[in-house]
1. Looking at V14, V20 in this structure, which one is modelled with pLDDT of 95 or more and over 25 Å from T128 (Cβ atoms)?
2. Looking at V143, V110, which is the one that is of a type in the set (V, I, T) and at pLDDT below 95?
3. Output the number of residues of the range 148-191 satisfying the condition of being in a helix (DSSP H, G or I) and in contact with a helix residue (DSSP H, G or I) (Cβ under 7 Å, 6 or more places away or on another chain).
4. So in the range 156-190, with the set limited to residues that are under 22 Å from E93 (Cα atoms) and without any contact (Cβ under 8 Å) to a residue 40 or more places away in the chain, which one is surrounded by the most Cβ atoms within 10 Å (Cβ to Cβ)?
5. Looking at the range 192-215, which of the residues that are assigned to a helix (DSSP H, G or I) and polar (S, T, N, Q) is farthest from E93 (Cα to Cα)?
6. Kindly establish whether V125 is within 19 Å of E48 (Cα to Cα) and either aliphatic (A, V, I, L, M) or in contact with an Asp or Glu (Cβ under 9 Å, 6 or more places away or on another chain) (or both).
7. Determine whether the range 205-214 contains at least one residue that is over 30 Å from T28 (Cβ atoms) and either free of Cβ contacts under 8 Å to residues at least 60 places away in the same chain or loosely packed, with under 14 Cβ neighbours inside 10 Å (or both).
Amino acid sequence: MCFSLEASFISGTVLAVVGVAAIKKTHTIPQAMFAGFPLLFSFQQFSEGFVWLSITNTEYSSWLKPSATIFLTIAEVIWPTWISLSIYLVEKERINKIILSIFFGIGIIVSTYLGIHLLTNTILVEQTNYHIYYNFGVPDSIVHIFSILYFLSAVMPLFFSSINIKKTAPIGLLILLSYLLSKIYFENYVLSIWCFFAALISVLVYSITFDFQTSKE
C-alpha cells in the first residue's frame, strides 16, 4: 500500500478476512474466483508490505526483488485476465458473455505483454514521500495504450455482468474514479495508489456473494 508498512499489513489482513468470508458463500469454482477478489488483493497488499519492510530495513533488503515481483505479477499480470475471466464464467446472458470474452482476450494480450516485461527487465523500486514507485521497462510511448487496454480488461467487465448489475456497476465506477484521482494527484505512483484504493473497493464484492446463495449453477 502507498503509505506505510503497517497500513499494508492491516489492509491485507482485513481483505483476507473479507475474502475468505466471501468465498465461503460460493458454490462453484467460477463463483469462488469472483468472490476471491478481496483475498487476491490481500496477497497483493501483503507483498507490498514486504516491499516497505525491505526498503526501510536494510537487513531485509534481499526481500525487495521477490516482494516487488509478486506485487507486480498480481497487479499487472493476474488482474487483467482474472477479473474478465471470472465474470465471464459466472455470466449467464449470451450477449454479455460475448462481450466479456472480448475483454478476456484483451486481458490475455495485456497480461502476456506485461508478463514478458517483468521477466526480461530489471524492476526499479523507489520510495519517496511515503509512496512507492515501480518501473519495469514498459516504454513510455505505449504506457497510455496499455493503460487503456488494462482498463478494458480489468474494469469494464464489471459493467457487463448480470450477476447483480446494480452492485457491480457501482464497483466499476468507484474503481474508475479511484484511478482518475490517483492519476491526477499521484501521477508518479499510480500503480501503488490505485491498487490500494481498488483493494479497499473490492470488499464490496462480499455483498454480491449473497446473490450466490440462491444459485448453485
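1. On the way: V14 fails: modelled with pLDDT of 95 or more.
Matching residue, one of V14, V20: V20.
2. On the way: V110 fails: at pLDDT below 95.
When all the criteria are applied, what remains is V143.
3. Here is the first cut: in the range 148-191, the residues in a helix (DSSP H, G or I) are 148-154, 156-159, 165-185, 187-191.
Restricting the remaining residues to those that are in contact with a helix residue (DSSP H, G or I) (Cβ under 7 Å, 6 or more places away or on another chain) gives 149-150, 152-154, 156-159, 167-169, 171-172, 174-175, 178-179, 182-183, 190-191.
Here the count works out to 22.
4. Within the range 156-190, the subset under 22 Å from E93 (Cα atoms) is 156-173.
With the extra rule that they be without any contact (Cβ under 8 Å) to a residue 40 or more places away in the chain, the set shrinks to 159, 165-166, 169-173.
Values: F159: 17, I165: 14, K166: 7, A169: 14, P170: 13, I171: 22, G172: 19, L173: 14.
Top of the filtered list is I171.
5. The initial filter retains those residues of the range 192-215 that are assigned to a helix (DSSP H, G or I), namely 192-214.
After this cut, where a residue has to be polar (S, T, N, Q) as well, the list is 192, 202, 207, 209, 213-214.
On the way: S192: 35, S202: 24, S207: 21, T209: 18, Q213: 19, T214: 17 Å.
Only one residue fits best here, namely S192.
6. Numbers: within 19 Å of E48 (Cα to Cα): yes; either aliphatic (A, V, I, L, M) or in contact with an Asp or Glu (Cβ under 9 Å, 6 or more places away or on another chain) (or both): yes.
Here the answer is yes, as V125 does meet what is asked.
7. Narrowing the range 205-214 to residues over 30 Å from T28 (Cβ atoms): none.
Taking every residue of the range 205-214 in turn, none turns out to be over 30 Å from T28 (Cβ atoms) and either free of Cβ contacts under 8 Å to residues at least 60 places away in the same chain or loosely packed, with under 14 Cβ neighbours inside 10 Å (or both).
Matching residues to (1) touching a Cys at 6+ places or on another chain (Cβ under 7 Å); (2) in contact (Cβ under 8 Å) with a residue 60 or more places away in the chain; (3) surrounded by 18 or more Cβ atoms within 10 Å (Cβ to Cβ):
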residue: V17; (1), (2), (3): no, no, no
residue: F37; (1), (2), (3): no, yes, yes
residue: I55; (1), (2), (3): no, yes, yes
residue: E59; (1), (2), (3): no, no, no
residue: K65; (1), (2), (3): no, no, no
residue: I74; (1), (2), (3): no, no, yes
residue: V77; (1), (2), (3): no, no, yes
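The values are calculated or read from the model by the stated rules, or taken from the named source; none is laboratory data. In this text the structure is predicted, and so the values were computed from the model without any measurement. For neighbour counting, all protein chains shown are included, and Cβ atoms are generated from backbone atoms with ideal geometry for every residue, glycine included.
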